[in-house]
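The values are calculated or read from the model by the stated rules, or taken from the named source; none is laboratory data. Given the structure is predicted, the values throughout are model-derived calculations rather than measurements. Glycine also receives a Cβ, built like all others from the backbone with ideal geometry; neighbour counts cover every protein chain displayed. The protein model used for the area step is the full one, side chains on, heavy atoms only, and it has no ligands, DNA or RNA in it. Shrake-Rupley method; radii C 1.70, N 1.55, O 1.52, S 1.80 Å.
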Amino acid sequence: MKLPAIQFYPGDWHKDQGVQALDLAQRGAWFELLLMMHDSDERGVLLVNGQPMPDAVIARRLGLDNQTANQILTTLLDFGVASRRESDGALYCRRMVKDEHLRQVRTEAGKKGGNPSLLNQTANQNPATGDKQMPTTRVKQNSTPSFSCSTSITSSKEERGAANAAAPARSSKKSVAKPATDPKKGGPRPTLADVQAYAAEQHPASADAQTEAAAFHDHYESNGWRVSGKTPMANWRAAFRNWMRRRAQFQAAGQSPAPNRARTAPKPTDPSRWS
């Protein structure tokens with residue numbers, strides 16, 4: 001059977017030491033010979049009507065004179081790129097011959113129907129055998145052309161087990177967001193009503209307690225409830241008590257309470273001064 005295509009791997013061609021030892025003309029001649037071997041009656045062996053192709057015919061097929069063709073063939077044989085069969089002296093490619101043999105073995109195995117233990121199984125029946133298929137390694141020969149039959153990429157049990165172990169485990173529990181901190185227990189973000197209720201509890205006789213509670217809440221709500229604008233507030237109740245104590249001090253000095261963060265003085269309006 002004539003195969004319509006040939007599998008060619010440029011990486012193998014470039015890594016082959018024998019092929020890379022050839023010059024450009026010799027590599028081109030070898031590639032043309034590979035194409036003729038692919039179309040031969042015995043794939044991989046250079047035949048014409050079932051007989052070894054004479055060197056004169058090879059030279060004519062390559063479009064070369066006999067002397068140049070003989071020099072190229074000698075170089076191919078010396079570098080181990082090509083081989084001659086001992087039985088009849090036919091030129092052949094070791095890689096292509098082995099690939100063709102492997103293809104025929106697989107074809108015959110497929111005609112037999114595969115593993116009889118796997119036939120006539122019902123949908124609910126457990127497999128008679130496990131997955132024992134291993135990756136087919138491409139035949140690699142020194143100084144042979146760079147093509148091969150296709151390989152089946154089937155992972156072994158050990159490889160699949162390692163992949164499953166490396167995969168992140170899925171949790172069946174849904175992530176639950178943490179509830180907000182209870183402001184009545186000194187949480188960092190109380191509402192205005194919480195502050196006013198605490199102010200009424202601490203200063204029931206003060207007429208300005210509710211006003212100070214609103215000022216306290218607005219000030220720290222605007223800066224994200226941070227002390228000095230940097231540190232998150234740990235206990236707003238303690239901060240409010242401190243606010244009220246400092247209020248009394250500022251009232252004695254004739255000033256309004258200032259927050260814990262230092263403020264910069266306004267820039268002078270005199271343009272002749274440095275600021």
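Computed quantities for the displayed model
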| item | result |
| --- | --- |
| Residue-normalised accessible area of segment 198-253, expressed per residue, 1.4 Å probe, Å² | 56 Å² |
| Cut-off 15 Å between beta-carbons: net charge of the residues surrounding Ala214, Lys and Arg +1, Asp and Glu -1 | -4 |
| For Val48, residues with placed amide H under 5 Å, excluding near neighbours | Met53 |
| From phi via Karplus (6.51, -1.76, 1.60), per-residue ³J(HN,Hα) for segment 46-57 in Hz, x at Gly/Pro | 7, 10, 9, 6, x, 10, x, 6, x, 4, 5, 5 |
| Percent of Cα pairs exceeding the 24 Å cut-off, where the set is segment 33-122 | 34 percent |
| In sequence order, calculated HN-Hα J values of segment 23-28 (Karplus, 6.51, -1.76, 1.60; Hz; x Gly/Pro) | 7, 5, 5, 5, 5, x |
| Ranked packing of 33-45, 91-103, 14-26, most packed first, by mean Cβ within 10 Å | 91-103, 33-45, 14-26 |
| Karplus-derived 3J(HN,Hα), 6.51/-1.76/1.60, for each residue of segment 202-212, Hz, glycine and proline x | 7, 10, x, 9, 8, 7, 9, 4, 5, 5, 5 |
